[in-house]
Protein chains: 2
Amino acid sequence: LARTSLAKDVLLGNRSAISKAITVLEDGLPGSSEVYRMLSRAAGRAFVVGIAGPPGAGKSTIINCLIKEFRERNSKVGVVAVDPSSMITGGALMGDRVRMLEHSLDKGVFIRSMASRGSLGGVSTATRRTILVLDAAGYDYILVETVGVGQTELDIAKIADMTVVVMMPQMGDEVQAMKAGLIEIGDVFVINKAELEGADKAVLQLTLAVKEKDGWKPPIIRTTAHRCAGVKELTEAIERFRKHMTPERKSQIRKLRTREEVLQALRKRIDDLIHERLDSAEVLDKVTEQVLAGRSDPQKAASELMKFLFGSVDEY
Amino acid sequence: LARTSLAKDVLLGNRSAISKAITVLEDGLPGSSEVYRMLSRAAGRAFVVGIAGPPGAGKSTIINCLIKEFRERNSKVGVVAVDPSSMITGGALMGDRVRMLEHSLDKGVFIRSMASRGSLGGVSTATRRTILVLDAAGYDYILVETVGVGQTELDIAKIADMTVVVMMPQMGDEVQAMKAGLIEIGDVFVINKAELEGADKAVLQLTLAVKEKDGWKPPIIRTTAHRCAGVKELTEAIERFRKHMTPERKSQIRKLRTREEVLQALRKRIDDLIHERLDSAEVLDKVTEQVLAGRSDPQKAASELMKFLFGSVDEY
């Protein structure tokens, strides 16, 4: 009953209810199923924008400017900032994030910073649930920032309706190497710090690399985010993409997202089961020793563990 | 029989056999179990050094210098470079990597660049197997470079006997935030680009943050890697750490590493099973639709899938 009223308060846009609902869903507290279902029925209207790019490119600064632009257009904005710093140590709020929090005084803005937990699918499950709550609470745009490269970005691209990729000129070899992956996921590209030398070259390189998909040619926008220059154009590009997206495509994305969420819950369940049953069992130690001694190998050891865990299931 | 002779050729240090064995183990080709076991019996002598740090800090350049130093000391060096660029597009060799390949003409150096596959445990399983082959083939030091932040680095820290963390002065907020995690995994720290302004401050900050563990106070070394300055000191620090490590600790690490490898093989097996049984099944679509309609939630859906997959196993 308390949970029913919590979900209702979220739908009314009550801020402390939103915070609490996110915690309830993230931590799977009692009643979370009910909250999930109630919010789920109300959700599906928000537009989720992933903000990806290498560290230092200026993603947080751009988000700050985007918040201002969307607010001027009377759109409510939610922000989910995934913070990998907290992975081991418990996290710290850095300068950019602190600046972001200034917007928290605005009722039309809700910011949630979350630790990436380093566990299997931990970030994306928590991010998905936070998005669900903000969506149900009536936020029009939900910006999802991720710090980091590789898997996390791909995860965010799967979650979002569109992805904005932020880069800057003068990126080193290593960042160049990441670009290949970033180019595939971007619907809009930003060259931030456009006042730096090399910006023209960066735009040109991107122009050659970026390809049209589904009738949309990803635009490349120059920004100087520390004074929000160019972010108006970025906002317009986001709005254009939103209009470009058909309802069919949108509901297709939502279905894929839900399917992935179910699969992640399944994987988590299995992972918990593995720990629960193996951590105290001697069988894991035994097969590990056999592999160490060269009398077995990980594949064979995995087969034995499958038998131990799931017994009668046919052929692994 | 062919596999037996392949493993023997690896033990003799034959380069094409090493390449082939890595492929056989990575892809789980026929006979891979046998190869794994034979190599496993010969392995355990190499010292595995993880090289972690934010993009652009100069990890590849430092590895190039380390290779030279170790070769001057007559140590054979293997390098495993994990390349996230290939995650979606198939990968590209960038400048630093190409420079690294120059060493490939030296018989005492073996370099393997591997794509991070983005799949569950894909990188670390492949990395572990490559390390096994190089270890069995008699390489004294195996350097594992990873591009990226967060989970991948933690994975590498789990695999390596020690971890060198490479940073540079003048890192932005975002990189600062990552530092917290990096500090926990470093056994030796490098401030590269030590000629840049802010190097003294970076060293001081690190000195304050780094803590002694197990009788080892992680040293902080300044380098200017593009001319290999300071890398002699780094090499000596690595050798010191190697001597500092007791045989008990070393075998404990090896056991943990093997245990983790077995668990990853298990997770991979389960993941394959999930795909095999669910991709063609209607049940996944059904439960997804229920969640979408707000009639179910991911937890409940996961329970249904557990029943579908593993049937009679008790209580999930």
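The values are calculated or read from the model by the stated rules, or taken from the named source; none is laboratory data. Note that the coordinates shown come from a computational prediction; the quantities given were computed from them, not determined experimentally. Because the Cβ atoms are built from the backbone with ideal geometry, glycine has one as well, and the counts that use them run over all protein chains shown.
Side notes on the structure shown:
- Exclusive hit being within 13 Å of chain B (Cβ to nearest Cβ) and modelled with pLDDT of 80 or more, set A:VAL190, A:VAL166: A:VAL166
- Count of residues meeting criterion [closer than 26 Å to B:ALA157 by Cα and either small (Gly, Ala, Ser) or modelled with pLDDT of 90 or more (or both)] in segment B:11-31: 8
- Residue in segment A:281-289 that is in contact (Cβ under 8 Å) with a residue 60 or more places away in the chain, in contact with a helix residue (DSSP H, G or I) (Cβ under 7 Å, 6 or more places away or on another chain) and more than 9 Å from every other protein chain (Cβ to nearest Cβ) present: no
- Residue match in segment A:63-77 (condition: within 27 Å of B:VAL291 (Cα to Cα) and of a type outside the set (D, E, K, R)): yes
- Selection of segment B:19-41 for residues being of a type in the set (Asp, Glu) and part of a helix (DSSP H, G or I) yields B:GLU26, B:GLU34.
- In the set (1) modelled with pLDDT of 95 or more; (2) more than 7 Å from chain A (Cβ to nearest Cβ), the condition left unmet by B:HIS226 is number (1).
- A single member of B:ILE220, B:ILE238 is under 25 Å from B:ALA46 (Cβ atoms), of a type in the set (A, V, I, L, M, F, W, C) and touching a strand residue (DSSP E or B) at 6+ places or on another chain (Cβ under 9 Å), and it is B:ILE238.
- Qualifying residue in segment A:122-141 (condition: outside any helix (DSSP H, G or I) and at pLDDT below 85): no
- Residue list for segment A:61-85, restricted to those being within 14 Å of chain B (Cβ to nearest Cβ) and over 13 Å from A:VAL190 (Cα atoms): A:ASN64, A:ALA81, A:VAL82, A:ASP83, A:PRO84, A:SER85
- Residue in segment A:58-69 that is in contact with a helix residue (DSSP H, G or I) (Cβ under 6 Å, 6 or more places away or on another chain) and in a loop (DSSP other than H, G, I, E, B) present: yes
- A count restricted to segment A:42-56 and to residues that are part of a loop (DSSP other than H, G, I, E, B) and either under 19 Å from A:ARG249 (Cα atoms) or at the interface with chain B (Cβ under 9 Å from one of its Cβ atoms) (or both) stands at 7.
- Of all the criteria given as (1) touching a residue at least 12 places away in the same chain (Cβ under 8 Å); (2) in contact with an Asp or Glu (Cβ under 9 Å, 6 or more places away or on another chain); (3) of a type in the set (Val, Ile, Thr), the one not satisfied by A:THR258 is (1).
- Test: residue in segment A:231-248 that is polar (S, T, N, Q), facing chain B (nearest Cβ under 8 Å) and either under 16 Å from B:ARG259 (Cβ atoms) or surrounded by 16 or more Cβ atoms within 10 Å (Cβ to Cβ) (or both): no
- Residue match in segment B:288-307 (condition: in contact with a Lys or Arg (Cβ under 9 Å, 6 or more places away or on another chain) and within 29 Å of A:VAL291 (Cβ to Cβ)): yes
- Considered as a group, the residues in segment A:176-225 that are touching a residue at least 60 places away in the same chain (Cβ under 8 Å) and assigned to a helix (DSSP H, G or I) include one that is surrounded by the fewest Cβ atoms within 10 Å (Cβ to Cβ), and that residue is A:ILE185.
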